[in-house]
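J.: Handing you this structure, nothing more for now.
The values are calculated or read from the model by the stated rules, or taken from the named source; none is laboratory data. Everything numeric here is computed off the predicted structure, so don't read it as measured data. Cβ placement follows ideal geometry from the backbone for every residue including glycine, while neighbour counts extend to all protein chains displayed. SASA here: full protein model, heavy atoms, side chains in, ligands and nucleic acids out. Shrake-Rupley method; radii C 1.70, N 1.55, O 1.52, S 1.80 Å.
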Amino acid sequence: MLDLSRLRALHAVSVHGSVAAAAAALGYTPSAVSQQITKLERETRTTLLERRGRGVALTEEARHLADTAQELLAIVERAETTLEERRGQPSGLLRVAAFASAARGLLPGVLADLAHRHPALDVRLTEVDRHLSVDLVARGVTDLAVAHDWDIAPLPAPEGVEQAVIGNDRCELVVPEGHPFTTRGVIRRADLGGQRWVCQPPGRVCHDWLTRTLRTAGIEPDIAHVAEENHTIVALVAAGLGVAVVPRLGTGPLPSGAVAVPLEPAPVRRLYALWRAGAARRPAITEAVRTLREHWPHVAQEAPLPGDPASVPCPADPAPQ
């Protein structure tokens, strides 16, 4: 008999590409994952991992076994969903993936609330790139993902993955204290010329939005400083080194020296919860999505926009569009 936990370890290595990444996703140590794979090799009398430089690669036999493992894990998930549904209470393990600013700005309160209300529910959070979250849900590596999209970069939802809106995350123009923009009521996009910008690297949605927006207005952006984290971007603005457009979520209170001014029309990114269709009836999924929506207006510091998210179906309702 093949051990399910060992198959899960192999599947995780297949999805994440390395033992270390698989261990991080599963909440194990790399040594524990390696031991599981070694035992699976012994049980199947098959070589599953091959050394490639400093890393490992799956053999052809391992890839076939990982595909089978995904099918088995899906069957187990359906069985667990049915049992949890019959109990009527959120319970068991719920694996959640979220992009960085959601993991920092939204999830701590949500996870604490779920732990308080549902002690039988064990929620585990992993911070991931937003581009990876949908695939992780589709592959069964995570149960629920919090992701976002922009109008210039819609979020794909493959077959078998359902989604619901959590809310809209408005972005603000942040400038140094004493900047001329602080004395004006509203800043239009056509007013943004002649500024030195602090921005995320090329290829990130914020960077692409900024360059596309300014060029559409006939402005060639002068990007003086590039940083990954919003906190770093805001710190550079506070030091008087440029201006930036940053989302409210995850930025937190602005430090001394930085001021937010309204930009119209304001760029908005939309947050989603995603889960597999086969787990839609699971009380843990339904409760987690409800709690995300409940916390969002407090985190965003604004009332939900009309139709968002209250009018969007929860997992227990008809499937979201």
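J.: Pull up region 17-36, narrow it to residues that are of a type outside the set (Gly, Ala, Ser) and surrounded by 20 or more Cβ atoms within 10 Å (Cβ to Cβ), then point me to the one that is nearest to residue 139 (Cα to Cα).
T.: 26
J.: Let me ask something additional. Would you check if residue 79 is hydrophobic (A, V, I, L, M, F, W, C), part of a helix (DSSP H, G or I), out of contact with any helix residue (DSSP H, G or I) (no Cβ under 9 Å at 6 or more places or on another chain) and surrounded by fewer than 15 Cβ atoms within 10 Å (Cβ to Cβ)?
T.: When the stated conditions are applied, residue 79 passes them.
J.: Within region 131-150, is there a residue that is closer than 23 Å to residue 71 by Cβ, open to solvent by 70 Å² or more (accessible area, probe 1.4 Å) and assigned to a loop (DSSP other than H, G, I, E, B)?
T.: Yes.
J.: Hey, another quick one. Before we move on, is residue 228 of a type outside the set (Gly, Ala, Ser), over 21 Å from the mean Cα position of the chain (by Cα), exposed (fewer than 14 other Cβ atoms within 10 Å of the Cβ) and not in a helix (DSSP H, G or I)? Outline the logic, then answer.
T.: Numbers: of a type outside the set (Gly, Ala, Ser): yes; over 21 Å from the mean Cα position of the chain (by Cα): no; exposed (fewer than 14 other Cβ atoms within 10 Å of the Cβ): yes; not in a helix (DSSP H, G or I): yes.
No, not satisfied.
J.: Does region 84-94 contain at least one residue that is in contact with a Phe, Trp or Tyr (Cβ under 9 Å, 6 or more places away or on another chain) and of a type in the set (A, V, I, L, M)?
T.: Within region 84-94, not a single residue is in contact with a Phe, Trp or Tyr (Cβ under 9 Å, 6 or more places away or on another chain) and of a type in the set (A, V, I, L, M).
J.: Right, next: Being over 16 Å from residue 289 (Cα atoms), of a type in the set (Gly, Ala, Ser) and without any contact (Cβ under 8 Å) to a residue 60 or more places away in the chain, is that true of even one residue in region 93-108?
T.: There is no residue in region 93-108 that is over 16 Å from residue 289 (Cα atoms), of a type in the set (Gly, Ala, Ser) and without any contact (Cβ under 8 Å) to a residue 60 or more places away in the chain.
J.: Which count do you get for residues in region 232-260 that are open to solvent by 10 Å² or more (accessible area, probe 1.4 Å) and in a strand (DSSP E or B)?
T.: Going through region 232-260 one residue at a time, the tally reaches 4.
J.: Out of (1) of a type in the set (Gly, Ala, Ser); (2) within 28 Å of the chain's Cα centre (by Cα); (3) in a helix (DSSP H, G or I), what's the single condition that is false for residue 57?
T.: Checking residue 57 against (1) of a type in the set (Gly, Ala, Ser); (2) within 28 Å of the chain's Cα centre (by Cα); (3) in a helix (DSSP H, G or I), the one that fails is (3).
J.: Give the residues of region 191-200 that are of a type outside the set (Lys, Arg) and either surrounded by fewer than 11 Cβ atoms within 10 Å (Cβ to Cβ) or under 13 Å from residue 244 (Cβ atoms) (or both), sorted by residue number. So that I can check it myself, show each step before the final result.
T.: To start, the set of residues in region 191-200 that are of a type outside the set (Lys, Arg) comprises 191-195, 197-200.
Result: 192, 194, 195, 197, 198, 199, 200.
Here is a yes/no grid of residues against (1) closer than 14 Å to residue 246 by Cβ; (2) touching a His at 6+ places or on another chain (Cβ under 8 Å); (3) open to solvent by less than 60 Å² (accessible area, probe 1.4 Å):
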| residue | (1), (2), (3) |
| --- | --- |
| 162 | no, no, yes |
| 166 | no, no, yes |
| 171 | yes, no, yes |
| 181 | no, no, yes |
| 189 | no, no, no |
| 202 | no, no, no |
| 205 | yes, no, yes |
| 212 | no, no, no |
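J.: Just to be sure I understand the filter: pairs with C-beta atoms under 9 Å, separated by 6 or more residues or on different chains, first member in region 241-255 and in contact (Cβ under 8 Å) with a residue 24 or more places away in the chain and on the phi < 0 side of the Ramachandran plot, second member charged (D, E, K, R) and open to solvent by less than 50 Å² (accessible area, probe 1.4 Å). Which pairs pass?
T.: 247/169; 247/269; 248/169; 248/302; 249/169; 249/269
J.: If you don't mind, another one. Output yes when any residue across region 185-194 is part of a loop (DSSP other than H, G, I, E, B), at pLDDT below 90 and out of contact with any Ser or Thr (no Cβ under 8 Å at 6 or more places or on another chain), and no when none is.
T.: Yes.
J.: So which residues in region 37-52 are part of a helix (DSSP H, G or I), surrounded by fewer than 14 Cβ atoms within 10 Å (Cβ to Cβ) and either in contact with a helix residue (DSSP H, G or I) (Cβ under 8 Å, 6 or more places away or on another chain) or touching a residue at least 24 places away in the same chain (Cβ under 8 Å) (or both), if there are any at all?
T.: Selection gives 43 alone.
J.: Same structure, new question: Being touching a residue at least 12 places away in the same chain (Cβ under 8 Å) and more than 25 Å from the chain's Cα centre (by Cα) is the filter here; which residues of region 69-81 pass it?
T.: 72
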